[in-house]
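Inspection log for the structure reproduced underneath, given as structure tokens.
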Amino acid sequence: MKLSLKSIAVLPFVNMSNDINNEYFCDGITEEIINALTKVKELKVIARTSCFAFKGKNIDVRKVGKQLGVATLLEGSVRKANNRVRITAQLIDTKNGTHYWSKNFDRKLDNIFDLQDEISVLIANKVRENFGHFNIDEHLVKNSTYNVAAYELFLQGRYYQLQWTSDSLNTAIEFYNKAIAKDVNYAKAYYANLQCYGLLAIWGYMPFNEATTLAEKNFLKAKEIDTQLPEYPLSFVGKFFWGLWNFKLAYQYIQQVLSINPNHIDGLEAMTELFIANGFFKEALVYAHKLIEVDPLSANNHYTLANIYYYQEKYTLALAQTTNALNIRPDLVLAKNLHAFCLIWLQKKDALKELHQKTSFYKEKILLYKVINEENTIVPNEYLEEASAENGISDTLISPFQIFILANSKEHQSLSFILLSNQVKQRRGQVINFKQEPFLKKLQSNSAFNALHISNLLISDISTTSKEIKESTKEKLDCVELQNLQETILVYFKEEQPYLDPQLSLSSLAAYLKTTSNKVSYVINETLDGNFNEFVNNYRLQYFKELAVNPKLKHITILGLAYDSGFNSKSVFNTYFKKTEGITPSKWVKMQVK
């Protein structure tokens, strides 16, 4: 994967507490920091799924950086005891493994959100100082509750929710309800319940009406408390997209999600799937590639990209992506089925038999292969009887395999159309992409096919383009302000030598100059040929050279001179010196003595 300099992956923080049950707390802190950093528009932040793929693994940071396409890794640990928490965080350059920033934070749990905000802003600033300009808001974490006990219960609920099983979702709901009991105004807990009930309903683990009633109850409470969270517009997406197939309204709500957080994974995924359902493949590819860029180890994201290629009838490309998805998550049923579809269209019967013998719907996959690729294939009577019986039950969930098989058998296309019509009328998610489906081409000659559902979203309604999704958010300065600030910085560095302070940062420099960090970063990166650290370290390097050739200072070690020049790390000094001069500091000093 191509390396992006303005990029970071937050690896799961290690639990250093005596209580092993505090694992949920460490995971929660990690996720909160990831979510906070995604609010920095020009910073590539790897999503939770890919970051947590490395949990508990001891892997070379350079390999991790290459696999995720990031320049920086954040590692950390959490020690929680009674009402106090100690968090250790360090930033690592994935190119050479250099630790270029580390800090310990000791706080009371009462200030956990302030601490998360402090850490997130510091991290974003350090990445900017080392790799280039982007704007950072003053705060990245919003205090969602003032009750620490409620927050801890919420994190426990989140821990179980992310296991995505029926049992774990129900356990998550129990913890979310306990969190709400501690703080009745905890909006995020209500929204989390809404998502859990929605999944239980869609997956059939709870009676649909019961689950949707409970979901609506939580939603009504949540929206009274906070409509500024991305969860608020996202809660409408499920209703209007998957529930009602009202694509135009769904699009508008997804836009709202991404306006709050442009890198919101659920928002990006929803937009991709919405464009697929409408056949807007060019637009879908923009978001699909964005998904894989920020979450490369998500099997679902590779499956989503495979879907686009599949509907474009690029079966070889689709097959490669389904293979990627299954390499990451071998139990992903949707990817297995799409993998089989590609093999059928590519006429790879042996591979289909070899790879899918032990998968679900194997009998249907083989039959589908035959009706597509072998003439005069007869659909077995018992299969027809089953399909005919299901046709008479309006709310029966029918496997797409049944519809596809019948649609490609001349004698049974009318039955297939009836089955499809029933599923479309019920807005079954399994057939939401029916207009793009290659297996349904033979039904398209039926004039009623396109009339089954007419999307109210037009291509002309789409305002988000690949250009806009990548648009720069640099803070612009007029020419006079830019020039004045540039001159002020240069005079200050020449006369006051602030670079000799090893703790100098963008924030402290901006505070001294009585301006914003965003403006200082912009000026240095756009007019002074380099990022903040390169700019500062160049001054330090020149100062070091002056000290190193001074005979009166020959009794001081090279490292001592480096520290006197403002460097605060041996590895940073050696790395920067060799990068700039092409040789090590000791060789350079020896050459000057001669």
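The values are calculated or read from the model by the stated rules, or taken from the named source; none is laboratory data. Keep in mind that this is a model prediction, so the values were computed, not measured. Cβ atoms come from the backbone with ideal geometry, glycine included; neighbour counts cover every protein chain shown.
Quick notes
- Given (1) buried (at least 20 other Cβ atoms within 10 Å of the Cβ); (2) more than 13 Å from the chain's Cα centre (by Cα); (3) at pLDDT below 90, index of the condition Lys39 fails: (2)
- One residue from Leu384, Leu406, Leu397 being at pLDDT 85 or above and more than 30 Å from Asn525 (Cβ to Cβ): Leu406
- All positions within the range 542-563 that are touching a helix residue (DSSP H, G or I) at 6+ places or on another chain (Cβ under 6 Å) and free of Cβ contacts under 8 Å to residues at least 12 places away in the same chain: Leu553
- Qualifying residue in the range 67-74 (condition: surrounded by fewer than 21 Cβ atoms within 10 Å (Cβ to Cβ), in the same structural domain as Cys26 (by TED's automatic domain parsing) and either over 19 Å from the mean Cα position of the chain (by Cα) or within 26 Å of Ala179 (Cβ to Cβ) (or both)): no
- Candidates Pro296, Pro233: the one that is touching a Gly at 6+ places or on another chain (Cβ under 8 Å) and at pLDDT 90 or above is Pro296.
- A single entry from Leu500, Leu528 fulfils the requirement of being at pLDDT 95 or above and not hydroxyl-bearing (Ser, Thr, Tyr): Leu500.
- Single residue of the range 234-256 satisfying the filter (under 13 Å from Glu269 (Cβ atoms) and not small (Gly, Ala, Ser)) that is surrounded by the fewest Cβ atoms within 10 Å (Cβ to Cβ): Trp242
- The range 446-457 residues that are without any contact (Cβ under 8 Å) to a residue 40 or more places away in the chain, paired with ones that are outside any helix (DSSP H, G or I) (beta carbon under 6 Å, 6 or more apart): none
- Taking the criterion of being closer than 20 Å to Leu334 by Cβ, surrounded by 15 or more Cβ atoms within 10 Å (Cβ to Cβ) and touching a residue at least 24 places away in the same chain (Cβ under 8 Å), the residues of the range 359-371 that qualify are Phe361, Glu364, Lys365, Leu367, Leu368, Tyr369.
- Where helices (runs of 4 or more DSSP H) sit wholly within the range 1-118, those with at least 3 residues that are out of contact with any Lys or Arg (no Cβ under 8 Å at 6 or more places or on another chain) and under 25 Å from Ser144 (Cα atoms) occupy 23-37, 48-51.
- Residue match in the range 541-555 (condition: outside the structural domain of Lys126 (by TED's automatic domain parsing), among the hydroxyl-bearing types (Ser, Thr, Tyr) and at pLDDT below 95): no
- Residue in the range 348-368 that is of a type in the set (Gly, Ala, Ser), at pLDDT 90 or above and within 35 Å of the chain's Cα centre (by Cα) present: yes
- Take the conditions (1) modelled with pLDDT of 90 or more; (2) under 18 Å from Asn111 (Cβ atoms); Cys51 misses just one of them, which is (2).
- Test for Leu153: is it part of a helix (DSSP H, G or I), on the phi < 0 side of the Ramachandran plot and in contact with a Cys (Cβ under 7 Å, 6 or more places away or on another chain): no
- Candidate set from the range 336-358 (those that are assigned to a loop (DSSP other than H, G, I, E, B) and without any contact (Cβ under 8 Å) to a residue 24 or more places away in the chain); member that is surrounded by the most Cβ atoms within 10 Å (Cβ to Cβ): Lys348
- Residues of the range 156-205 that are in a loop (DSSP other than H, G, I, E, B) and under 23 Å from the mean Cα position of the chain (by Cα): Leu162, Gln163, Trp164, Thr165.
- Selection within the range 535-561 - of a type outside the set (A, V, I, L, M), part of a helix (DSSP H, G or I) and either more than 30 Å from Lys6 (Cα to Cα) or touching a Ser or Thr at 6+ places or on another chain (Cβ under 6 Å) (or both): Arg540, Tyr543, Phe544, Lys545, Glu546, Pro551, Lys552, Gly560
- The range 485-514 residues that are farther than 26 Å from Asp137 by Cα and assigned to a helix (DSSP H, G or I), paired with ones that are of a type in the set (Asp, Glu) and modelled with pLDDT of 90 or more (beta carbon under 9 Å, 6 or more apart): Leu500/Asp564
- Of the residues making up the range 524-534, those that are assigned to a helix (DSSP H, G or I) and surrounded by fewer than 19 Cβ atoms within 10 Å (Cβ to Cβ) are Glu526, Thr527.
- Scope the range 259-305; condition of a type in the set (Gly, Ala, Ser) and farther than 17 Å from Ile432 by Cβ; matching residues: Ser259, Gly267, Ser298, Ala299
- Within the range 191-214, the residues that satisfy the criterion of being among the hydrophobic types (A, V, I, L, M, F, W, C) and closer than 23 Å to Leu258 by Cα are Ala192, Leu194, Cys196, Leu199.
- Number of positions in the range 564-574 that are part of a helix (DSSP H, G or I), surrounded by fewer than 17 Cβ atoms within 10 Å (Cβ to Cβ) and touching a residue at least 12 places away in the same chain (Cβ under 8 Å): 2
- Some residue of the range 7-19 being over 30 Å from Ala172 (Cα atoms), crowded, with 16+ Cβ neighbours inside 10 Å and among the polar types (S, T, N, Q): yes
- In the range 229-277, the residues that are under 24 Å from Leu37 (Cα atoms), part of a loop (DSSP other than H, G, I, E, B) and either over 18 Å from the mean Cα position of the chain (by Cα) or among the polar types (S, T, N, Q) (or both): Asn261, Asn263
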